[in-house]
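Notes follow the structure.
The values are calculated or read from the model by the stated rules, or taken from the named source; none is laboratory data. Because the structure is predicted, anything quoted here is derived from the model rather than measured. Methodologically, a virtual Cβ is constructed for each residue, glycine included, from the backbone with ideal geometry; neighbour enumeration extends over all protein chains shown. In case anyone asks, the SASA skips ligands and DNA or RNA and just uses the protein heavy atoms, side chains included. Shrake-Rupley method; radii C 1.70, N 1.55, O 1.52, S 1.80 Å.
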Amino acid sequence: MTITRRATVQGLGIGALLPLAPRLALGQPTGILTRPIPSTGEPIPVVGLGTWITFNVGDDPVLMEECAAVMAAFFEGGGRMIDSSPMYSSSQPTIGYGLRKLGYPERLFSAEKVWISDAGQGGAQIEASRAYWGVDKFDLMQVHNLVSWEEHLPALLELKAAGQLRYVGITTSEGRRHREIERVMASQPIDFVQATYNILDREIEERILPLAREKGIAVIANRPFREGDLIRQIEDEPLPEWLAETGARNWAQFLLKFIISHPAVTCVIPATTRVDHVRENLEAAGGILPHEKLRRRMIDYVEAL
């Protein structure tokens, strides 16, 4: 089993990816996996779509079309959550272009962020983001990297109470400010927390993931491939034969299955510019997920490479 990210199976049928019945987090192969958002019970597919770097294409018409094609394959395959931020430069208008071209799919779960130190400008930034996307309102608004969260979070909760947002959350990345993340999770009525989690970056297993389960907070895992560096480091190594039972056919699926097999993870948001990659990312949400003993074996295998 030496299939790499680049040598993925092409032309995966849409029917094989459409959501079927819900299943348990560990073990039962019935289709694309969803998990409930704890605060409401709303089910959401465990694989979403990130846009950091990949959708920052400026006004290049060819690259914008490629991103729109990725979005089309994502929705056709059963995806819902698209995540972005004002920090991601032209990613927001790129999303808007794709959504307009696709006729604003009803299944979209729009996840955005407020990211500005001047809290008084937060509302204007959110409105600018909404205009870029072309949506009536966002499903989820997150305070990006906790920037001025003490001012932004009450404002977001007011918007939620007024029906102008559905969910409120906070984010961090690359292992930063975890203690402050925990403090916000423990004291504020948030619906989501977003943090870095992958097979090598597992700090949030210690406190953040257990706290999320205790408080009923959904978890979005970012940087699953370390912006592709993780795959580039290992993709020429043989995929272990003992992983075949999970249905993982390449390293990308190996890495995603590890993340979503943790029961506290609600959704992971890999970013890509390629249709074949978004299809195989969604395929990772099918088959059987690794049990705890197999997860440990996966960690040991990657750390030994």
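Working only within the stretch 279-293, note down all residues that are over 21 Å from residue 64 (Cβ atoms), open to solvent by less than 10 Å² (accessible area, probe 1.4 Å) and not acidic (Asp, Glu). Selection gives 282, 284, 285, 289, 290.
Residue 143 falls short of the stated requirement of being touching a residue at least 40 places away in the same chain (Cβ under 8 Å) and within 19 Å of the chain's Cα centre (by Cα).
Selection over the stretch 97-115 of residues that are assigned to a loop (DSSP other than H, G, I, E, B) and open to solvent by 50 Å² or more (accessible area, probe 1.4 Å) gives a count of 6. Being touching a residue at least 40 places away in the same chain (Cβ under 8 Å), open to solvent by 20 Å² or more (accessible area, probe 1.4 Å) and either within 16 Å of residue 131 (Cβ to Cβ) or not in a helix (DSSP H, G or I) (or both) holds for only one residue in 54, 94, and it is 54. Being closer than 17 Å to residue 34 by Cβ, open to solvent by 10 Å² or more (accessible area, probe 1.4 Å) and not acidic (Asp, Glu) is the requirement here; does residue 259 meet it? Judged against the criteria, residue 259 is not a match.
Could you go through the stretch 173-180 and let me know if any residue there is among the polar types (S, T, N, Q), over 15 Å from residue 38 (Cβ atoms) and modelled with pLDDT of 95 or more. No; the residues of the stretch 173-180 include none that is among the polar types (S, T, N, Q), over 15 Å from residue 38 (Cβ atoms) and modelled with pLDDT of 95 or more.
Checking each residue in the stretch 57-80 for being touching a helix residue (DSSP H, G or I) at 6+ places or on another chain (Cβ under 6 Å), of a type in the set (A, V, I, L, M) and open to solvent by 40 Å² or more (accessible area, probe 1.4 Å) picks out only 69.
Scan the stretch 242-276 for residues that are within 27 Å of residue 213 (Cβ to Cβ) and either assigned to a loop (DSSP other than H, G, I, E, B) or of a type in the set (A, V, I, L, M, F, W, C) (or both) and the total you get is 21. Report yes if some residue within the stretch 152-167 is among the hydroxyl-bearing types (Ser, Thr, Tyr), in contact with a Phe, Trp or Tyr (Cβ under 9 Å, 6 or more places away or on another chain) and within 20 Å of residue 89 (Cα to Cα); otherwise report no. Among the residues of the stretch 152-167, not one is among the hydroxyl-bearing types (Ser, Thr, Tyr), in contact with a Phe, Trp or Tyr (Cβ under 9 Å, 6 or more places away or on another chain) and within 20 Å of residue 89 (Cα to Cα), which makes the answer no.
You will find that of 188, 194, 233, the residue that is under 24 Å from residue 115 (Cα atoms), more than 14 Å from the chain's Cα centre (by Cα) and touching a residue at least 12 places away in the same chain (Cβ under 8 Å) is 188 and no other.
Only one entry in 85, 90 is out of contact with any Pro (no Cβ under 8 Å at 6 or more places or on another chain), over 27 Å from residue 36 (Cα atoms) and either among the polar types (S, T, N, Q) or at pLDDT below 95 (or both), namely 90. Among the conditions (1) closer than 15 Å to residue 197 by Cβ; (2) touching a His at 6+ places or on another chain (Cβ under 8 Å), the only one that residue 252 does not satisfy is (1).
Just one of the listed residues (276, 229) is open to solvent by 60 Å² or more (accessible area, probe 1.4 Å), more than 24 Å from residue 160 (Cα to Cα) and acidic (Asp, Glu), namely 229. Taking each residue of the stretch 269-291 that is farther than 19 Å from residue 197 by Cβ and looking for partners that are among the polar types (S, T, N, Q) and surrounded by fewer than 20 Cβ atoms within 10 Å (Cβ to Cβ) with beta-carbon atoms closer than 6 Å, six or more apart or interchain, yields 276/8; 276/10; 280/8. Taking the conditions (1) surrounded by fewer than 17 Cβ atoms within 10 Å (Cβ to Cβ); (2) modelled with pLDDT of 95 or more; (3) under 21 Å from residue 227 (Cβ atoms) in turn, residue 6 satisfies each one other than (2).
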